[in-house]
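See structure below.
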Amino acid sequence: MIKVELLSHSSADPIELTSHAALACYQSIPPQMGKKIDIENRLFNTGHHTTLQHNFFTFNIEGISVGDITTGMHLAHPFYNSDQRSGRYCAKMFLEPDFDKIEEYIKTFWPDVENSTRSEVMTYIKNSVQIYHDNIKQASEITKKFIKEERPFVSDKAVELNGPKIAQEQMRVFIPIIFPTGFDFTINITVLAAIYQSAWTPAMKYVTEKMAELVMKQFPDLEFIFDEDKRKNHEWAFDILNNNTIKNEPALELISVQNEDNFIKPLNKDMHPVDLLHFLPKMMDNSIGEIETKVEMSIATMGQDQRHRTIRRGKPAFTGNFYLPSIPEECGLEEEAKKVLADWKNLKNKIPKTLHMIIAPYGAMVSYTKKGSFNAIAHEQGKRLCFCAQEEIYHLGRLLRLSIQDFNSKSSLLNIFEPPCYRDGICAEGARYCGRDLKERNPDNFFPKRKI
């Protein structure tokens, strides 16, 4: 079951540090550290919460489903730092599944699901995993072939090392996102209070309760922050639209571009290795200009997209479509994709909506609106147009670049849709150099469709 551990916290007592911050606002000399005021009534209940945000807590959360992170812990707010187990690098996640643990997860958080229905859910999960197991070896060989085609300077060692990893990343589209994972999660007190009160899935409610308990055990004086009666007694899940298409590319629609005339071109040295764009006064006008898009991508890539927390996102919905990338497509698995999608949809009216949401296959596609300042998008695309990025999220960056190009072929905004290697011919990944031709400077060739 899910294990929640408090790894570290700010060294100061939260009440003392909060009191110091509050008193510093009203005294002409620095207050004495250790002096305490009535935090609950003078600050917390009155909504003066910035004073509470000087303490941070880092949790390790193990055994939570991928789905309860993407649709829960990472979904709605940007006020956290998080590092999650990789779906590319951790082969055991899918090669050695613990079906008993997955079934126990369902029993624990959805105890009202009848045995026969739970058995039907587990059959769907096992059948989906079997597609992965039956084809992962072939997929790895196909991946190695694609790597050599797309990356002429790649070493044989890199081909052998990365072939199985990239194959796993694409073949997971068949696997439900209920699979267990782990992550480190750092937040401050007010964020913990907010997610404790607003949690909308059973697992999210459990995890936030355990986090609050660990903090109160360490600091009992904070008990007033975590009021059980104020927790939302509701569950929420993505809507599902009525599409039913197997798609081989994500989709992007450019909605608007604002304040392009004020755009300031970023410099490489201001973006890598430390991104200064949100910190330099000369770049502040780029925080006013913004780009708005409507996107459709797999829920696997939505998890990648959430890593960019300076981008604002609207409420997502499942579109009803399924993303089948190049490797499983080359394996001839379109019919299998259709069956997984149909089997998942057929469970919709038999189980709670939150359970149905987190047994979606990784390939289930979601849609939402995105808005980002020029600075935020420059940071995002500098990472995502790199060949080391997952192919689907690369394609979303490529589609946005092409959309800006169609909108204005001479747009200066095209400067933010460039990985570091496009600007100076030097790979920023060091030992992880992808093997592509870095001498290529024609933008039409530098941003091709990728298979891997």
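Every number in this text was worked out from the coordinates using simple rules, so none of it is lab data. These numbers come from a predicted model, not from an experiment. Neighbour counts are summed over all protein chains in view; Cβ atoms, including those assigned to glycine, are modelled from backbone coordinates with ideal geometry.
Does the stretch 92-174 come out rounded, prolate or oblate, given a ≥ b ≥ c as the square roots of the eigenvalues of its C-alpha gyration tensor, rounded meaning a/c under 1.5 and, failing that, prolate meaning a/b above b/c? Don't jump to the answer; show the numbers that get you there.
Details: a/c = 4.24, a/b = 3.26, b/c = 1.30.
Prolate, since a/c reaches 1.5 and a/b exceeds b/c.
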*Global geometry of the stretch 222-291, whether rounded, prolate or oblate, following the gyration tensor of its Cα atoms and the 1.5 cut on a/c*: oblate
*Taking the Cα-to-Cβ direction at residue 231 and at residue 165 and moving 7 Å from each Cα, how far apart do the two end points lie in nm?*
3.9
*residue 247's amide H: which non-local residues (gap 5+, or another chain) put their own amide H closer than 5 Å, with H modeled 1.01 Å from N in plane and none for Pro or chain starts?*
322, 323, 324
*Neighbour-limited loop hits for trypsin sites (Lys or Arg not before Pro), the stretch 329-372 (at most 13 other Cβ within 10 Å; DSSP other than H, G, I, E, B)*: 348
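Just from its helices, what would the mean residue ellipticity at 222 nm be for the chain, if runs of 4 or more DSSP H residues each count -39500 (n - 2.57) and the sum is divided by every residue, rounded to the nearest 500 deg cm²/dmol? Before the final figure, lay out each step's value.
Values: 15 runs with 173 residues, N = 452.
It lands at -11500 deg cm²/dmol.
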*Roughly how many whole Å is it from the C-alpha centroid of the stretch 30-88 to that of the stretch 395-417?*
36
*In debye to the nearest 20, how big a dipole does the chain give about its Cα centre with +1 on each Lys and Arg Cβ and -1 on each Asp and Glu Cβ?*
720
*Grab the other residues whose beta carbon is less than 15 angstrom from that of residue 151, score K and R as +1, D and E as -1, and report the net.*
+3
*asked:* Taking the Kirkwood radius as the inverse of the mean 1/r across Cα pairs, report the Rg/Rh of the chain.
replied: 0.99
*Given 145/371; 269/370; 205/345; 157/451; 107/247; 137/439, the pairs whose alpha carbons are separated by over 30 Å*: 145/371; 107/247; 137/439
*Work out the length of the dipole vector of the stretch 239-446 about its Cα centre, built from +1 on the beta-carbon of each Lys and Arg and -1 on the beta-carbon of each Asp and Glu, and round it to the nearest 20 debye.*
600
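Considering only the other residues whose Cβ falls under 14 Å of the Cβ of residue 343, what net charge follows from Lys and Arg at +1 and Asp and Glu at -1?
Values: positive: 126, 338, 339, 345, 348, 350; negative: 120, 335, 336.
Net charge around residue 343: +3.
So which trypsin sites (Lys or Arg not before Pro) in the stretch 71-180 pass both tests, a DSSP loop state and at most 13 other Cβ atoms within 10 Å of the Cβ?
Details: sites: 85, 88, 92, 101, 107, 118, 126, 137, 144, 145, 148, 157, 165, 172; in loops: 85, 88.
Counting only loop positions with at most 13 other Cβ atoms within 10 Å, none of the trypsin sites (Lys or Arg not before Pro) in the stretch 71-180 qualifies.
How much length would be gained if the chain were fully extended between residue 317 and residue 96, taking 0.36 nm per residue of separation minus their Cα-Cα distance, in nm to one decimal? Don't skip to the end; give the middle numbers.
Numbers: separation 221, 0.36 × 221 = 79.56 nm, distance 3.06 nm.
Full extension of this stretch gives 76.5 nm more.
Among 359, 377, which comes first, then next, by fewest other beta-carbon atoms within 10 Å?
On the way: 359 24, 377 28.
If I rank by nearby Cβ atoms, fewest first, I get 359, 377.
Taking 0.36 nm per intervening residue step and subtracting the Cα-Cα distance, what contour gain separates residue 116 from residue 310 on full extension? Please report the intermediate quantities before stating the final value.
Numbers: separation 194, 0.36 × 194 = 69.84 nm, distance 4.43 nm.
Stretched fully, the residue 116-residue 310 segment lengthens by 65.4 nm.
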*Once you list every other residue whose beta carbon is under 15 Å from the beta carbon of residue 64, what net charge do they have if Lys and Arg are +1 and Asp and Glu are -1?*
-3
*Among 75, 276, rank each residue by its count of other Cβ atoms within 10 Å, from fewest to most, as a rough exposure measure.*
276, 75
*Treat the count of other C-beta atoms within 10 Å as a stand-in for reagent exposure and order 201, 46, 293 from fewest to most.*
46, 293, 201
*Over the C-alpha atoms of the stretch 24-121, what are the Rg and the largest Cα-to-Cα span, Dmax, in Å?*
22.0, 69
